[in-house]
Amino acid sequence: MINPYLPFPIRIEDIIVESEDRSLKTFKFVFLNPEDEEKFSYKAGQFAEISIPGQGEIPIGIASSPVEKGFIAFTVNRAGKVTSHLHNMKVGDVLGVRGPLGNPYPWDTMKGKNLLFIGGGFAFTTLRSSVVYLLHPDNRDKYGTIDVVYGSRSPGMLLYLDELQKWEARDDINMHITVDGTDDPNWKYNVGFVPPIAEEKAPKSAGDTYAIVCGPPIMIKFTLPVLEKLGYDHDHIILSLENRMKCGIGMCGRCGIGEQLVCKDGPVFTLAEVNNTPKEF
């Protein structure tokens with residue numbers, strides 16, 4: 001049995017600056033021991049704990065996709081002690097990763113259905129993992145139409161811009177990129193907040209569609225009424241939540257909401273499940 005407290009040693013293979021203010025970086029890691037990559041078998045929607053000796057660890061969604069072999073990737077927002085230290089690390093530096101943790105999106109349940117992804121800001125990481133998984137030739141014909149609504153404050157804060165543009169040019173996925181506002185005369189996509197863009201672009205056949213929402217709490221708050229207005233059942237609205245997660249394995253109890261632990265019972269929940277948690281959440 002794998003010790004859930006013991007990180008796998010990994011090395012930084014590449015660092016990509018994602019945002020114009022340099023607050024968001026994508027780190028590509030390779031496992032020091034090839035057999036550890038096999039043990040780290042994950043699905044889109046799960047998270048892991050990045051562990052830095054002497055600094056601590058952070059729970060973060062896995063941005064790479066299971067169909068991408070030879071590395072794992074995480075997009076990290078510089079916000080505190082551990083993330084700031086990671087942002088200052090260099091290619092070749094060694095650290096650790098624990099996982100994979102939590103539950104993935106319900107891929108088997110969603111087979112044959114249309115999918116609507118709604119994401120905002122740097123919470124697009126597990127949605128990026130999902131889109132790459134779905135567009136793989138082995139998986140694309142297992143699902144219906146794919147719509148993606150993704151927005152940020154400005155063009156310079158969008159993640160994975162090169163990939164977004166490549167997806168936008170494809171005919172087997174409908175990309176709806178938006179920003180809150182911009183003065184860029186060359187901007188050719190949507191301008192507006194994510195919820196109204198989602199209302200405009202979402203598939204109207206709600207009964208055949210699963211909506212997966214991942215973003216800041218304020219975006220989720222104003223997106224849920226839009227989906228209800230469009231007729232999406234609560235068990236077809238899937239949320240990826242973070243609520244003060246710490247240990248990642250349900251031992252510390254810090255992420256508890258009622259009888260649920262976000263790190264162990266989630267972080268993926270349907271809206272129907274969230275409705276049964278305390279209203280304070």
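Miscellaneous remarks
- 3J(HN,Hα) couplings calculated from phi for the range 22-33 with the Karplus curve 6.51 cos²θ - 1.76 cosθ + 1.60 (θ = phi - 60°) are, in sequence order, 6, 7, 10, 10, 9, 10, 9, 10, 10, 7, 5, 10 Hz; Gly and Pro show x.
- Exposed GluC sites (Glu not before Pro) absent: longest stretch of the chain, with sites in DSSP loops and at most 15 other Cβ within 10 Å deemed exposed: 69-258
- Bridge orientation summary for the chain: considering DSSP beta bridges with both residues in this region, about 60 percent are antiparallel.
- Charge dipole of the range 147-281 about the Cα centre (unit charges at C-beta), most positive-ward option of 164, 245, 218: 245
- Residue 249-residue 276 FRET efficiency (beta carbon distance; Förster radius 22 Å; 0.05 resolution): 0.45
- Annotation: amide H of residue 257 within the under-5 Å range of 262, sequence separation 5 or more or interchain, hydrogens built in the peptide plane.
- For the range 184-281, the list of trypsin sites (Lys or Arg not before Pro) that fall in a loop by DSSP and count at most 16 other C-beta atoms within 10 angstrom reads 188, 204, 244, 246, 254, 279.
- Shown here for the range 55-109: trypsin sites (Lys or Arg not before Pro) in loop regions (DSSP other than H, G, I, E, B) with at most 12 other Cβ atoms within 10 Å, namely 69, 90.
- Full extension of the chain between residue 208 and residue 111 yields a length gain of 33.8 nm, computed as 0.36 nm times the residue separation minus the alpha carbon distance.
- The simple Förster model, with R0 at 25 Å and r as the Cβ-Cβ distance, assigns residue 229 and residue 153 a FRET efficiency of 0.50.
- Translational D in µm²/s for the chain (Stokes-Einstein at 37 °C, 0.692 mPa s, Kirkwood Rh from C-alpha pairs): 170 µm²/s
- The stretch between residue 145 and residue 22 holds 40.9 nm of extra length on full extension. This uses 0.36 nm per residue minus the Cα-Cα distance.
- Magnitude of the charge dipole, the range 114-240, Cβ model with Lys/Arg +1 and Asp/Glu -1, debye to 20: 140 debye
- Fewest-first sequence of 263, 247, 255 by Cβ atoms within 10 Å of each Cβ: 247, 255, 263
- For the chain, built as a Gaussian network whose Cα springs stay under 10 Å, the top-fluctuating residue of 66, 34, 267: 34
- Our coupling estimate for the range 41-49, obtained by passing each phi through the Karplus curve with A = 6.51, B = -1.76, C = 1.60 and θ = phi - 60°, is 8, 10, 10, 4, x, 7, 10, 8, 10 Hz, Gly and Pro reported as x.
Just so you know, all these numbers are worked out from the coordinates, no wet-lab data involved. None of the values given here were measured: they were computed from a predicted structure. Glycine gets a Cβ as well: all are built from the backbone with ideal geometry, and neighbour counts include every protein chain shown.
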